[in-house]
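Below you'll find the structure, written out as structure tokens, and then a few comments.
The values are calculated or read from the model by the stated rules, or taken from the named source; none is laboratory data. Owing to the predicted nature of the structure, the values given are computational and were not obtained by experimental measurement.
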Amino acid sequence: MSGGVLVKAGLTNLIVPLHLLLQEDNGMPVHLKGGSGDALLYRTTMALTVLGVGYVLFELVKASFPQKK
């Protein structure tokens, strides 16, 4: 798409401002430069990952020691 097509459609190019934000050298990790929404998404993802790994390990231990009937 060319710039003219975006203007005719009433859309703005969001890539340039986001690119400048992510390239800014302010000491923050790139996955948190987007603000509080990025921080919430990152923490939620990490929490679900840790819970998932814990559940898999629990099921592995449970399967390793079957109950006798």
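Descriptive notes on the structure:
- Which listed residue, of Y55, Y42, is modelled with pLDDT of 90 or more, over 16 Å from the mean Cα position of the chain (by Cα) and either assigned to a helix (DSSP H, G or I) or among the polar types (S, T, N, Q) (or both): Y55
- Scoring T49 on the criteria (1) assigned to a helix (DSSP H, G or I); (2) modelled with pLDDT under 85 leaves a single failure, condition (2).
- Of all residues in region 58-69 being in a helix (DSSP H, G or I) and charged (D, E, K, R), the one that is farthest from the chain's Cα centre (by Cα): K62
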